[in-house]
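Contents: one structure, followed by commentary.
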Protein chains: 2
Amino acid sequence: MTNVLVVGSVALDTLETPHGRADNALGGSATHFALAASRFAPVRLVGVVGRDFPSEHLEMLKAQKIDLSGLQIADGKTFRWHGRFVGDMSRAETVSVELNVLATFQPKVPAAFVSTPYVLLGNASPDVQIAVLDQLQSPKFVMLDTMNLWIGTQRATLLKLLPRVDAVCINFEEALQLAETTSGATAVRRILDFGAKILIMKRGEHGATLATREGQFTSPSFPTDRVVDPTGAGDSFAGGMLGYLAQAGAEKNALRRAVIYGSVMGSFAVEEFGTKRIQSVTREEIDTRARSILDMLSV
Amino acid sequence: MTNVLVVGSVALDTLETPHGRADNALGGSATHFALAASRFAPVRLVGVVGRDFPSEHLEMLKAQKIDLSGLQIADGKTFRWHGRFVGDMSRAETVSVELNVLATFQPKVPAAFVSTPYVLLGNASPDVQIAVLDQLQSPKFVMLDTMNLWIGTQRATLLKLLPRVDAVCINFEEALQLAETTSGATAVRRILDFGAKILIMKRGEHGATLATREGQFTSPSFPTDRVVDPTGAGDSFAGGMLGYLAQAGAEKNALRRAVIYGSVMGSFAVEEFGTKRIQSVTREEIDTRARSILDMLSV
């Protein structure tokens, strides 16, 4: 079995949406990614939590084929995020954030993990992401996530990092910000000009575009009507993509199909608070939605 | 040759965008639609202009296989719209509007046009659209356009009209407004529940979705990076769709391919002010972009 490695945050989230509220929900980019990717391939997680992190979460993650030997348990409290989604839930409002043990975290990739073929550099400062990248040994496919904060404050470092990874996976608004434009088509062209080999641009409920110098592919989103909590949708998308790639390997159109599986995992992620839906989704349910999307693409 | 009929507005537009300004540009929903559809099939236009309407526009339209025998030339001035697009140009701001001869226009479909198989009921009050529909004799495919104004003020009449046509073609925001929701997936479900047989939901640069009770299809937009003036993009989309349908008839997946041709015509429409780009685009250029979109859908 081909492994997938994720380096990113593990969190306890307080979430408010028009559909209700969840306190101390399991969250964090690495968690959402790992649970989604684990539906396809064994996952290795590098991150940090505090002494307050509930052991039941650790047990649940281990039960889902996620190797936690790279998860540090540090003195202090777990990273906490309190977010609120209002109206059409297209944007999260941060009510409060406590970095806690994440503030001083310098990810160390265990020796047993450094040769993992598929890697997600989860959202973190580009300096931290470079430090992780430098620890890896000839990975097959490295995907980068980032966010508006780093695009705004660490642009130069981020632009140095882009050509060193295989793919960058960001949302539409982040792509516009990175490319300093108001046009998605212009953003795609500029980000490829910055040296990105593959850009995955997530358009929320409008789908996702995979762009390379050779061409583009666009997958629609699976049209779920049951959007309860958008937290983790993007991480679950990335997890579905890399998990599928690890499994499908060199199959024809594997990358395009990976975007479809990413969209599918994103559509499940939003249907319950926190990680609940992704924890319980079956491979059969996943494949059913993937077939629906394939039908939506068929001409 | 199978004909296409459009009933709608013909206008003289003043247009302001971040790329410049055009005064007295040829415009109007029927004009944009007719020019786009005429790339595929002969078009019949029903509308009204005033005595001030430049004869060179009439000559140009006739030269493009557009039958103007249903275009009234009335005493008074032509309908005028002054619009401004700012920022990402996703929304038009109306600077001024003069209905002029359009204010009292009651469309009369000439006897020679009443049996036209493919028909666009261009944007107008639902009462006017119903009056036009009642004049048609067993059309094969009638598509309805509308706008936020009528959804807001004539909702009940519009809901009565929906089940009487074959397709409704509106943009994403209009679909949300019509369905009273913030979710595109919910909007699609509700509008089909209202009795629409086919919904075409245009997502701007994110593509377009064709939805029926049997399934959905989503076409990406052609990623043009040269957006000079969005005026008429939606009408050109509708023109590409119906023109292609008239030409392709009963071919397998004709409706899905029609959405692709609609997207292509929308992508050309925005590349110059007014109707300029659509007037000059060749069938070869159109087919090249359609092939690009087909490649973007291929898995």
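The table below lists the values:
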| quantity | calculated |
| --- | --- |
| Positions within segment A:1-32 being surrounded by fewer than 21 Cβ atoms within 10 Å (Cβ to Cβ) and either over 18 Å from the mean Cα position of the chain (by Cα) or on the phi > 0 side of the Ramachandran plot (or both), in sequence order | A:MET1, A:THR2, A:THR14, A:GLU16, A:THR17, A:PRO18, A:HIS19, A:GLY20, A:ARG21, A:ALA22, A:ASP23, A:ASN24 |
| Count of segment B:33-63 residues which are part of a loop (DSSP other than H, G, I, E, B), under 23 Å from B:ASP23 (Cβ atoms) and either open to solvent by less than 30 Å² (accessible area, probe 1.4 Å) or not acidic (Asp, Glu) (or both) | 3 |
| Residue check, B:PRO230 of a type outside the set (D, E, K, R), open to solvent by 20 Å² or more (accessible area, probe 1.4 Å) and within 21 Å of B:VAL10 (Cβ to Cβ) | yes |
| Any hit, segment B:79-96, residues being closer than 16 Å to B:LEU45 by Cβ and out of contact with any Leu (no Cβ under 6 Å at 6 or more places or on another chain) | no |
| Which numbered condition B:LYS160 misses (of (1) in a strand (DSSP E or B); (2) open to solvent by 30 Å² or more (accessible area, probe 1.4 Å)) | (1) |
| Residue ID - most open to solvent (accessible area, probe 1.4 Å), chosen from residues in segment B:180-193 that are under 21 Å from A:SER267 (Cα atoms) and assigned to a helix (DSSP H, G or I) | B:ARG189 |
| Options A:LEU159, A:LEU144, A:LEU120, A:LEU136: the member that is touching a helix residue (DSSP H, G or I) at 6+ places or on another chain (Cβ under 6 Å) and within 23 Å of A:LEU199 (Cβ to Cβ) | A:LEU120 |
| Elements of type helices (runs of 4 or more DSSP H) contained in segment A:246-299, each with 3 or more residues being within 13 Å of chain B (Cβ to nearest Cβ) | A:254-269, A:283-297 |
| Odd one out for B:GLY207 among (1) in contact (Cβ under 8 Å) with a residue 40 or more places away in the chain; (2) more than 8 Å from chain A (Cβ to nearest Cβ) | (2) |
| Selection within segment A:275-295 - open to solvent by less than 10 Å² (accessible area, probe 1.4 Å) and over 28 Å from A:MET60 (Cβ atoms) | A:ILE293 |
| Tally, over segment A:84-125, of residues that are within 14 Å of chain B (Cβ to nearest Cβ) and either exposed (fewer than 15 other Cβ atoms within 10 Å of the Cβ) or polar (S, T, N, Q) (or both) | 4 |
| Residue within segment A:125-136 that is free of Cβ contacts under 8 Å to residues at least 40 places away in the same chain, in contact with a Leu (Cβ under 7 Å, 6 or more places away or on another chain) and among the charged types (D, E, K, R) present | no |
| Residue, nearest to B:SER298 (Cα to Cα), within segment A:199-223, restricted to residues that are assigned to a loop (DSSP other than H, G, I, E, B) and open to solvent by 20 Å² or more (accessible area, probe 1.4 Å) | A:GLU214 |
| Per-region count, segment A:166-179, residues small (Gly, Ala, Ser) and either within 13 Å of chain B (Cβ to nearest Cβ) or surrounded by fewer than 18 Cβ atoms within 10 Å (Cβ to Cβ) (or both) | 2 |
| Single residue of segment B:269-299 satisfying the filter (farther than 24 Å from B:LEU26 by Cβ and of a type in the set (A, V, I, L, M, F, W, C)) that is nearest to the chain's Cα centre (by Cα) | B:ALA290 |
| Residues satisfying the stated conditions in segment B:110-130, i.e. out of contact with any Asp or Glu (no Cβ under 6 Å at 6 or more places or on another chain) and of a type in the set (S, T, N, Q) | B:SER115, B:THR116, B:SER125, B:GLN129 |
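The values are calculated or read from the model by the stated rules, or taken from the named source; none is laboratory data. Since the structure is predicted, the reported quantities are computational estimates derived from the model, not experimental observations. All Cβ positions, even for glycine, are placed from backbone atoms using ideal geometry, and neighbour counts span all protein chains on display. Side chains are part of the model used for accessible areas, which takes the heavy atoms of the whole protein and leaves out ligands, DNA and RNA. Shrake-Rupley method; radii C 1.70, N 1.55, O 1.52, S 1.80 Å.
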